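Rule-based calculations on the coordinates, nothing more; no lab input. For clarity, every value in this text was computed on a predicted model and none was experimentally measured. When we count neighbours, we look across all protein chains shown, and the Cβ atoms used for this are built from the backbone with ideal geometry, even at glycine.
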Amino acid sequence: MAQFNAIISTISLLDLFDMVIVAFVLYKLYVMIKDTRALALLKGLIVMLIFTVISRWLGLNVVYWLLQKTMTVV
């Protein structure tokens, strides 16, 4: 709990403002692409990113290399 309080005490008003702006922009982007093909594309990219991280974590070098090269092209 002390660690949590230490982190919270270091957040400034500018940091909060920054987080609100980022949340607003992400929300507007989501609303804009909701129910479009872009949302399906975004979901696919997120799945590929997750698989890339998992393959790196598990030490699957060939799978990681292939996914990394694919993500570079995308």
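Key figures for this structure:
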| quantity | calculated |
| --- | --- |
| With Cα atoms, 0 to 90° folded angle of helix 61-73 axis to the chain main axis | 70 degrees |
| Furthest towards positive pole of dipole, 33, 66, 5, structure part the chain, Cβ charges | 66 |
| Separation of the residue 70 and residue 43 label points, Cα + 7 Å toward Cβ, nm | 1.7 nm |
| Cα-based shape type of the chain, given that a ≥ b ≥ c are square roots of the gyration tensor eigenvalues and the cut on a/c is 1.5 | oblate |
| Helix-only CD estimate at 222 nm, as mean residue ellipticity for the chain, using -39500 (n - 2.57) per DSSP H run (n ≥ 4) | -28500 deg cm²/dmol |
| Separation of the residue 11 and residue 26 label points, Cα + 7 Å toward Cβ, nm | 1.3 nm |
| Dipole magnitude (debye, nearest 20) for the chain, charges at Cβ of Lys, Arg, Asp, Glu | 340 debye |
| Per-residue HN-Hα couplings for the range 31-44 [Karplus 6.51, -1.76, 1.60; θ = phi - 60°; Hz; x = Gly/Pro] | 4, 5, 9, 4, 6, 10, 5, 4, 5, 5, 5, 4, 4, x |
| Vicinal HN-Hα couplings computed from phi for the range 14-28 (Karplus, 6.51 cos²θ - 1.76 cosθ + 1.60; Hz; Gly/Pro x) | 5, 5, 4, 4, 4, 5, 5, 4, 5, 4, 5, 5, 5, 5, 5 |
